[in-house]
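Trainee: Dropping a structure here in structure tokens format, bear with me for questions.
The values are calculated or read from the model by the stated rules, or taken from the named source; none is laboratory data. This is a predicted model, so every value here is computed, not measured. Neighbour counts are summed over all protein chains in view; Cβ atoms, including those assigned to glycine, are modelled from backbone coordinates with ideal geometry. Side chains are part of the model used for accessible areas, which takes the heavy atoms of the whole protein and leaves out ligands, DNA and RNA. Shrake-Rupley method; radii C 1.70, N 1.55, O 1.52, S 1.80 Å.
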Amino acid sequence: MKKIILFAAAAIAISLLTSAATRSRKTDISRNLDIFNTIYKELQTFYVDTIDAEKSIQTAINAMLDDVDPYTEYISAKDQEQFRTMTSGEYGGIGSLIQQTPKGVIFSEPYKGSPSQEAGILAGDIILTIDGDSATTWTSSQVSERLKGQSGTNVKVTVRRPYAKDSILSFDIRRAKIQIPSVPYWGMLPGDIGYICLNTFSEKSFPEVKEATAALKERGAKGLILDLRGNGGGLVESAVQILGLYLPKGTTVLSTRGKGVLNEKVYKTSVSPIDTEMPMAVLIDAASASASEIVSGALQDLDRAVVIGNRSFGKGLVQSTRQLPYDGLLKVTVAKYYIPSGRLIQAIDYSRRNPDGSVARIPDSLTTVFHTAGGREVRDGGGITPDITVEYPEINRIVYNIVRDNWAYDFATRYAASHSSIPSPADFEVTDTIYEEFKSFIDPEKFEYDKVCETAVDQLRKLAEAEGYMNDSTSRQFDILAGMLRHDLGRDLDTNRDAISRYLGGEIVSRYYYSAGEVENSLKGDQSVDSALSVLTTPRYGEILHKTAERK
């Protein structure tokens, strides 16, 4: 059955993605589609069990599109609401993130000012019923579907509130049009430097960034940090509009090239800029992709900003949607985009695959040198390489386990239940008292370690036995090594306090000041932010942007 589906996928792929083919090519397409139709009819007629037609065809379509690239996908009619939410930033609902946990689906983060927050829902509330129907065994997608709905309609939700006396609470919530903010936080940092955190590029991103930039300039900002870390992209048009805030009107910032002239386009800024001279720094990381790379790459290529952080993801492909029968959509890669220096930042060539079907990043040795407007060397083929690289320490396993298993999240929920207020996000710190409470909150019997070291020692011991190296002396040395690598929860929590406190502090602050407060609190001790502040307030900014690379 799997081979048939993959064969069907290949046949449909040729049909969908070939626009101008020769007669023999069209004959091949027709023959393969006929074979697929015949095979499927035979299966429906003679296969011993019932075949789910919709599931089988969906599997065939997905297998075909997966073989093209990760960004080309079929969006059925029932899945289009989520797609529209991503592009518009709007949906009808109660305004809260939800999360699947071992305790059930919880309200993980009500949006400030949303119907859920105004009704009294708190982060950590466990959902029991929705409109009288038990939701204790539902998945997060089932809960989401029931909570969303037309603006102006009502939904009744019953929750269990952890660490509260009256733990079973009911809420009648009136749905509204929810606008997911693209800019969760903006504000002034030391040295009169403005800061804007941009999470996505939706239809609402440009007006939000414009408002923030104008307000910061009015407050006397002498420099600006645009934080695109973790921003996976979005609408190309939104990226071009935002670039127009910082570049002269009519500046070429992007070109796309695809199959046919309709997919070849040059993008120029068309809005009136707010400031084209203010020193800028753009923060990126490995999760900054697509539209984030358009903005950071264009500002780098035009010597308009210093880029700080880690190399970006490397997505230089443009998608467009095509209407399909029965209200379906095909989101298909139609072009590659090139930033002002002429470089393509796509890190993977999906048209060239290894014999096993896998793909790999383009090696640095095969990338090409381009030059910024001022002559600085930049390279293609692997995302945006920052002008200043910030080395972050790797996440420790105990930190990962604390976040993964919601220890920090659950402690923050308990803390908020017993503390009516905390200092402002900029002033809040995880004190010795708070951290000791957190350590006591963790049950050593329930804390699950990833026993990487212990497993490695056990495997090495077995290899030594198999190779004949094991004797009494070797066995004793293995025992000593195993003892040295055995976990000590109290010691590990003390050793990794700084890293754990960053997550713990963010969770606690979000209970009182929501996502804006969490972002503001996270800026303290942020290496990339500190680097940007240093660059924007010293001559180093000009030295970086005006340094012309030697051309051989």
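Trainee: In the chain, carbon and sulfur make up what percent of the accessible area (probe 1.4 Å)? Display every interim value, and only then the final one.
Mentor: Numbers: 14950 of 29320 Å².
Here it works out to 51 percent.
Trainee: Counting only pairs 8 or more places apart or on different chains, how many lysine pairs in region 16-147 have C-alpha atoms closer than 30 Å? List each step's numbers first, then the result.
Mentor: Values: K26/K41; K26/K55; K41/K55; K41/K78; K55/K78; K78/K103; K78/K112; K103/K112.
Counting lysine pairs in region 16-147 gives 8.
Trainee: How much length is gained if the chain between N37 and V403 is pulled fully straight, taking 0.36 nm per residue apart and subtracting their Cα-Cα distance, in nm to one decimal? Kindly include the intermediate steps, with their values, before the conclusion.
Mentor: Numbers: separation 366, 0.36 × 366 = 131.76 nm, distance 4.89 nm.
Full extension of this stretch gives 126.9 nm more.
Trainee: Considering only protein heavy atoms, what per residue accessible area in square angstrom results for region 243-320 with a 1.4 angstrom probe?
Mentor: 35
Trainee: Also, quick follow-up: Sketch the reach of a paramagnetic label on E145 as a point 7 Å from Cα along Cα-to-Cβ, and name the residues of region 60-92 whose backbone nitrogen lies under 11 Å away.
Mentor: Once the point is set 7 Å along Cα→Cβ of E145, 78-79 turn out to lie under 11 Å by backbone N, inside region 60-92.
Trainee: Ignoring everything except DSSP H segments at least 4 long, calculate the 222 nm mean residue ellipticity for the chain; use -39,500 (n - 2.57) per segment, divide by total residues, nearest 500. List each step's numbers first, then the result.
Mentor: Values: 18 runs with 217 residues, N = 552.
Rounded to the nearest 500, the figure is -12000 deg cm²/dmol.
Trainee: Here's a follow-up. Under unit Cβ charges (Lys, Arg +1; Asp, Glu -1), what dipole magnitude, rounded to 20 debye, does the chain have relative to its Cα centre?
Mentor: 1940
Trainee: Identify all aspartates and glutamates with a Cα-Cα distance to K336 below 14 Å; exclude those on the same chain that are fewer than 8 residues away in sequence.
Mentor: Counting by Cα, and skipping residues close in sequence, K336 has these aspartates and glutamates nearby: D69, E264, E293, D349, D380.
Trainee: Post the alpha-carbon centroid distance, region 475-552 to region 213-259, in whole angstrom.
Mentor: Region 475-552 and region 213-259 have Cα centres separated by 27 Å.
Trainee: What nm value, rounded to one decimal, do you get for the distance between R352 and E54 when each label is placed 7 Å out toward the C-beta?
Mentor: Using points 7 Å along Cα→Cβ, the separation is 4.2 nm.
Trainee: May I ask you to evaluate 6.51 cos²θ - 1.76 cosθ + 1.60, the Karplus curve with θ = phi - 60°, for each residue of region 240-256 and list the ³J(HN,Hα) values in order in whole Hz, giving x for glycine and proline?
Mentor: 5, 4, 5, 4, x, 6, 10, 10, x, 4, x, 6, 6, 10, 6, 9, 10
Trainee: Just the accessible area per residue of region 128-186, please: how many Å² with a 1.4 Å probe?
Mentor: On the way: 3390 Å² over 59 residues.
For region 128-186, the per-residue accessible area is 57 Å².
Trainee: When the chain is fully extended, how far beyond the present Cα-Cα distance does D28 get from E237, taking 0.36 nm per residue of separation?
Mentor: On the way: separation 209, 0.36 × 209 = 75.24 nm, distance 3.84 nm.
Full-extension gain reported as 71.4 nm.
Trainee: What does the accessible area of K265 come to, in Å² to the nearest 10, when a probe of 1.4 Å is used?
Mentor: 100
Trainee: Still on this model: Each label point is 7 Å from the Cα along the Cα-to-Cβ direction; what then is the distance between the points at K112 and H487, in nm?
Mentor: 3.6
Trainee: Dividing the alpha-carbon Rg of the chain by 2.2 N^0.38 Å yields what? Before the final figure, lay out the partial values.
Mentor: Details: Rg = 27.2 Å, N = 552, 2.2 N^0.38 = 24.2 Å.
Relative to the 2.2 N^0.38 Å estimate, the chain comes out at 1.12.
Trainee: Same structure, new question: How far apart, in nm, are two points set 7 Å out from the Cα along the Cα-to-Cβ line at T389 and at R219?
Mentor: Result for the modelled spin labels: 3.4 nm.
Trainee: Can you give the extra length, in nm with one decimal, that the chain gains between S134 and S473 once fully stretched, where that is 0.36 nm per residue apart less the Cα-Cα distance?
Mentor: Values: separation 339, 0.36 × 339 = 122.04 nm, distance 6.10 nm.
Net length gain for the segment: 115.9 nm.
Trainee: Return the sequence-ordered ³J(HN,Hα) values of region 423-435 in whole Hz as given by the Karplus equation 6.51 cos²θ - 1.76 cosθ + 1.60 applied to θ = phi - 60°, using x for Gly and Pro.
Mentor: Rounded to whole hertz, the list is x, 4, x, 5, 9, 5, 9, 7, 6, 4, 5, 4, 5.
Trainee: List the residues, sorted by chain then number, that are 5 or more residues from V378 or on another chain and whose placed amide H is less than 5 Å from its amide H.
Mentor: So V378 has HN proximity to F370, H371, T372.
Trainee: On a 29 Å Cα-Cα criterion, which of the cross-link pairs K204/K249; K210/K259; K268/K315; K156/K446 come out too long?
Mentor: Values: K204/K249 21 Å; K210/K259 34 Å; K268/K315 20 Å; K156/K446 34 Å.
Over 29 Å apart, Cα to Cα: K210/K259; K156/K446.
Trainee: Taking a probe of 1.4 Å, how large is the accessible area per residue of region 492-552, in Å²? Working shown, then result.
Mentor: Numbers: 3240 Å² over 61 residues.
Per residue, region 492-552 has an accessible area of 53 Å².
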